[in-house]
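As structure tokens, the structure follows; a few thoughts come after it.
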Amino acid sequence: MKLPNLATITLILCGVVVTSFAQPKISKPGVYSGYQTQTYDGWKRFSQYVSVRDGTKLAVDIYRPTLKGEVVTTPLPVVWQFTPYRRATLGKDGQITPSNSFNSTLELTRYGYVAVLADTRGKGASFGLRQAPHNRVEAEDSYDLMEWLGTQKWSTGKIGMAGGSYLGGTVENAVTTMSPYLKAVFFGITDFNMYDGWVRGGIFRYTAGADTPYTDDLQTVPVDEDADKTMLKAAVEQHKQNASLNALMNETPFRDSWSNLSDSYWWTEVSFSSYLDEIKRSGVPAYMYGGWYDFLRRDTVISYANWPHPKKMVIGPWAHGGSAGFDFAQEQLRWFDAWLKGIDNGILKEPPLWYHTINASPGNEWRFAAQWPPTHNNQIYFLQGGKSGTAPSINDGKLATTAPQDETAKDEFKVVYGITAHVEPLGMSPPYKGATEWDQKGLTWTSDPLPADTKVAGHPLVSLWLSSSADDADVFVYLEDVDAGGNSVYVSDGRLRASLRAVHPPSYHFLDLPWHRAYKQDEHKLTPGQPVRLLIDLMPTATVFKAGHRIRLAVTGSQGRTNFQQRNPAPTFSLYRDSVHASYVSLPIAR
């Protein structure tokens with residue numbers, strides 16, 4: 001990020017007066033200049049342990065701005081992050097490298113902020129053990145750290161917090177503690193209700209990076225007082241008792257499952273939707289961000305829908321952690337300048353939503369909106385028989401806007417296991433092209449070529465009438481964009497375990513989508529051969545299907561990176577599409 005040139009500088013070169021004028025004031029999403037009154041030339045790192053209420057010592061790094069090489073003593077606002085991923089590591093060259101997720105926050109030091117990064121309990125160089133991710137002990141730790149940060153002589157007492165993914169969850173966790181020092185937050189790509197985020201439709205997502213060996217924490221930089229790493233080694237020894245995230249999920253298949261590992265109803269304890277009253281009482285404004293290829297994008301928009309205070313949201317064409325050229329450092333600075341420094345930079349006067357439309361014409365990709373989802377009309381495409389002749393699949397029927405008239409009609413396929421393609425491309429560059437495998441190993445239905453560009457913006461909904469030869473079925477559905485050459489690309493997806501198909505009123509605002517409560521008592525097995533209706537919401541999207549392209553719906557019985565059920569022999573699914581059991585996909589077509 002460029003340092004703003006805030007003074008008019010006059011130079012005399014060879015007798016000619018040259019004037020460099022101050023940068024004009026620009027404030028719009030991802031672009032920000034001309035609003036700062038002071039700049040700093042660097043930072044100095046300090047590191048120490050801070051004790052929380054039960055005496056556990058947490059490792060904290062403080063980065064304070066410097067001016068002409070000297071540490072600034074004037075009290076400044078503080079923006080901090082709380083990470084389980086080692087706040088800093090030491091390279092072979094002896095250089096300390098802060099966590100990559102901290103880069104945008106560290107950049108704030110150049111604009112008059114103190115940046116702070118702390119290891120969560122049981123991780124990095126912090127002492128203690130983590131009984132469960134995002135539990136109330138971790139929330140209390142964040143409150144205690146803010147009590148400490150807010151009262152330091154270098155702090156104005158105005159604190160912001162930032163982070164994405166797990167760190168985004170620590171932000172929401174901190175908000176629920178109602179700290180008087182926390183004035184604004186900037187977070188994203190995280191869950192709002194952890195069960196709905198990680199166990200969509202009752203089928204949970206395995207995560208390879210969640211349970212790294214506790215000994216990895218020995219790579220963490222020790223605090224300044226621990227030159228010989230004695231304290232680091234003692235802290236890491238306590239981490240061997242940490243609970244495994246995947247073990248917690250396996251232990252709690254239902255939303256109301258009791259966890260012996262966490263000694264709680266874990267999904268309730270760690271879901272931020274359980275603390276709506278506390279969030280309301282906190283008064284904290286929030287800036288949220290998500291990506292159209294992020295596996296938690298539904299939770300991003302649900303967080304936005306439920307936030308009761310001033311809020312903004314940006315969603316772009318990236319996966320978990322990507323940016324596609326959007327300058328998050330400047331956007332974070334815009335937000336915190338407004339709330340922690342009182343700078344009137346116009347960010348609070350903009351429409352609250354800034355989002356990217358995939359496949360939009362050049363220059364029309366990004367736009368503001370007043371709400372999510374944008375205004376739309378629902379267009380229903382029914383599953384029909386016949387052959388579209390565009391896909392090498394077991395069956396390729398048609399999607400049509402007319403309702404089926406047949407009294408009996410269905411498509412059948414035997415579930416194929418071993419599908420490796422998944423819909424959650426962590427770190428992968430979009431567009432994700434796993435659709436070919438789904439087309440080849442499942443059922444598909446494809447529309448006629450579209451006569452004009454068609455923008456889908458919102459949450460597609462699928463209604464399927466299905467039976468299985470077994471007493472349960474894990475159903476995966478995909479919305480795809482098929483080009484003129486028959487190549488299909490992933491757009492959105494949904495999934496549901498048929499035994500958890502019951503729909504209940506949600507415990508929080510769920511954008512009028514079907515909410516599957518998934519309590520143990522809600523489990524209703526299938527009667528083999530008897531059709532049941534499955535309502536499956538697909539992940540939100542904003543995508544243009546180009547003229548001449550086709551819309552495809554694909555269905556499989558397995559998917560990579562999920563705990564789908566495997567039976568021997570594999571079951572046969574029947575998808576019904578008759579006048580009584582009309583199956584369809586409803587698409588939100590933008591007006």
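The values are calculated or read from the model by the stated rules, or taken from the named source; none is laboratory data. All figures in this text were calculated on a predicted structure; none of them were measured in a lab. Cβ sites come from the backbone with ideal geometry, for glycine too, and all protein chains shown count toward neighbours. Calculation scope for accessible area: heavy atoms of the full protein, side chains included, ligands and nucleic acids excluded. Shrake-Rupley method; radii C 1.70, N 1.55, O 1.52, S 1.80 Å.
Pairwise Cα distances in the range 121-262 exceed 19 Å for 61 percent of all pairs. Extension gain, Val71 to Gln379: 0.36 nm times the residue separation minus the Cα-Cα distance gives 104.8 nm.
For helix 328-340, report the angle its Cα long axis makes with the longest principal axis of the Cα atoms of the chain; keep it between 0 and 90° and round to the nearest 10°. Between the helix axis and the principal axis of the chain, the angle is about 60 degrees. Using only alpha carbons, the range 436-507 has a radius of gyration to Kirkwood radius ratio (Rg to Rh) of 1.01.
For the pair Lys240 and Ser361 in one chain, pulling the backbone fully straight at 0.36 nm per residue adds 38.3 nm over the alpha carbon distance.
For the range 47-89, the per residue solvent-accessible surface stands at 38 Å², with DNA, RNA and ligands left out and a 1.4 Å probe. What is the chain's relative contact order, in percent, from Cα pairs under 8 angstrom and six or more apart in sequence? It comes to 14 percent, rounded to a whole number.
Averaging 1/r across all pairs of distinct Cα atoms in the range 448-583 and inverting the result yields a Kirkwood radius of 16.4 Å.
In this structure the amide hydrogen of His549, modeled in the peptide plane, comes within under 5 Å of the amide hydrogens of Leu450, none closer than 5 places in sequence on its chain. Between Lys525 and Lys414, the simple label model (points 7 Å from Cα in the Cβ direction) yields a spacing of 2.3 nm. Rg and Dmax of the range 55-190, based on Cα coordinates, read 14.3, 45 Å.
Estimated from helical segments only, the mean residue ellipticity of the chain at 222 nm is -4500 deg cm²/dmol, where each DSSP H run of four or more residues counts as -39500 (n - 2.57). Counted residue by residue at 0.36 nm each, then reduced by the alpha carbon distance between them, the extension gain from Ile26 to Tyr206 reaches 60.5 nm.
The H on the amide N of Ala88, modeled in the peptide plane, is under 5 Å from the matching H of Ser99, Val221, each at least 5 residues off or on a different chain. Ordered from highest to lowest accessible area with the whole protein assembly present and a 1.4 Å probe, Lys349, Lys92 read as Lys92, Lys349.
Our Cα-only numbers for the range 297-364 put the radius of gyration and Dmax at 13.4, 38 Å.
Dividing the convex hull volume of the alpha carbon atoms of the range 258-416 by its residue count gives 252 Å³ per residue. Computed from the C-beta positions of Asp41 and Asn103, the FRET efficiency with R₀ = 22 Å rounds to 0.80.
With the Kirkwood sum run over all distinct C-alpha pairs, the chain has a hydrodynamic radius of 25.7 Å. Dimensions of the range 231-296 from C-alpha coordinates, computed as largest minus smallest value along each principal axis and given longest first, are 38, 35, 32 Å. Measuring nothing but protein heavy atoms, the accessible surface of the range 448-489 at 1.4 Å probe radius is 53 percent carbon and sulfur. Accessible surface ranking for Lys414, Lys57, Lys280, 1.4 angstrom probe, highest first: Lys280, Lys414, Lys57. Identify, among Val221, Gly291, Asn250, the residue whose Cα sits farthest towards the positive end of the charge dipole of the range 195-309, taking +1 on the Cβ of Lys and Arg and -1 on the Cβ of Asp and Glu, with the dipole about the Cα centre. Farthest along the dipole direction, towards plus: Gly291.
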